[in-house]
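A quick write-up on the structure given underneath.
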Amino acid sequence: MDFKRKGKLPWLSHLLYSVKHRGLMNTCLMGLKEWQKERELGINTFGDKAANELSIECSSKEGGHLYQPSSSVIFEKAMNSLPFNFSDKVFLDIGSGKGRALILAAEAGFKKVIGVEYAAELNDIAHTNIEKVKDRFPNTEFVLSEGDALQYDIPEEVDVIYLFNPFDEHAVRNLGHKVKATFATQKKIHLIYVHPVHSNVFEETFGMPISVVKNGKGIPDVAVFSTRVIDE
Ligand SMILES: C[S@@+](CC[C@H](N)C(=O)[O-])C[C@H]1O[C@@H](n2cnc3c(N)ncnc32)[C@H](O)[C@@H]1O
């Protein structure tokens, strides 16, 4: 599947991709759960968008992948693999799109969720979605930042960095170096890489993942990495 360009019938190519990697029954069940989640939260995060359909003003656009919302089913599995409670933790979504992962993180109990997204149209929709749910999550602070994630100064308060296949290998490598440099002497943080097509790049920087969540066909849905603190 081409992660950068949208095909003529994007819903069909996603359906076929999912059936191939998860099987027909799991694909139908997941689709139903995602639709129910949108209704339950009263948000709208569906609909693919390729970078060339969006007004993005930075050179990182070249390496950017399609917008697609996170699956709540995979998100929950990823969170279950983290060995701590979230009520005093800060979550950062790299390429936050329409805000779905941020809202799921609020639902999981994070005290603060931060999104950085370079497409203004998607970020505007994220604002609308968050406005709709923020009263449900009074203990969570929401912060949206518009801009290139590769130029973004990652706040030291961050504990968990989430990325759902936002960009190509080159950009994943740059992000890995940035994360390593930011937290080298600070603290141990966790990186959750969903649909980890360039997992090998993070392995070069952080070593082997501390856990991998696979789908029914044995294909990794999530790879979780942790940073090491120098002098630990
Ligand atoms: C697969 S979508 C995931 C959206 C969201 N994180 C979620 O899970 O629902 C990847 C997102 O990354 C964004 N993106 C890609 N490269 C980026 C960059 N360099 N800086 C900021 N956002 C980027 C895309 O516009 C897209 O919204």
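What follows is calculated from the coordinates using simple rules that are stated; it is not laboratory data. Being a predicted model, the structure only gives us computed values, none of them experimental. Note: ideal-geometry Cβ built from the backbone for every residue, glycine included; neighbour counts use all protein chains shown.
Highest mean first, what order results for 14-21, 126-133 on Cβ atoms within 10 Å? Walk me through the intermediate numbers first.
Working: 14-21: 15.0, 126-133: 18.0.
Taking the mean over residues of other Cβ atoms within 10 Å, the ranking is 126-133, 14-21.
What full-extension length gain, to one decimal in nm, is calculated for Lys188 and Leu12 as 0.36 nm per residue of separation minus the Cα-Cα distance?
Here the segment from Lys188 to Leu12 would lengthen by 59.3 nm.
Residue by residue through the range 75-91, which ³J(HN,Hα) values in whole Hz follow from phi under the Karplus form 6.51 cos²θ - 1.76 cosθ + 1.60 (θ = phi - 60°), with glycine and proline marked x?
3J(HN,Hα) across the range 75-91, in whole Hz: 4, 4, 4, 4, 5, 5, 8, 8, x, 8, 7, 9, 5, 10, 10, 10, 10.
Assuming R0 = 41 Å, can you tell me the calculated FRET efficiency for the pair Val19 and Arg136, based on Cβ-Cβ distance, to the nearest 0.05? Intermediate values should be presented prior to the final figure.
Numbers: r = 33 Å, r/R0 = 0.81.
Calculated value: 0.75.
Which of the chymotrypsin sites (Phe, Trp or Tyr not before Pro) across the range 41-104 are loop residues per DSSP, with 13 or fewer other Cβ within 10 Å?
Filter output for the range 41-104: Phe46, Phe84.
Need one number: nm distance between label points at Glu157 and Lys33, each 7 Å from Cα along Cα→Cβ, rounded to one decimal.
3.1 nm
So for the pair Asn200, Leu54, with labels modelled 7 Å out along Cα→Cβ, what separation do we get in nm?
My value for the distance between the label points is 2.7 nm.
Could you sort the peptides 210-216, 181-187, 155-161 by per-residue average Cβ neighbour count (10 Å cutoff), highest mean leading? Could the numbers behind the result be given before it?
Details: 210-216: 15.1, 181-187: 13.3, 155-161: 17.6.
Peptide ranking by packing, descending: 155-161, 210-216, 181-187.
How large is the dipole of the chain about the Cα centre if only Lys and Arg carry +1 and Asp and Glu carry -1, each at its Cβ, rounded to the nearest 20 debye?
Computed about the Cα centre, the dipole is about 840 debye.
Using the per-residue mean of other Cβ atoms lying within 10 Å as a proxy for protection, in what order, highest first, do the peptides 47-55, 163-171 fall?
Answer by packing, highest mean first, reads 163-171, 47-55.
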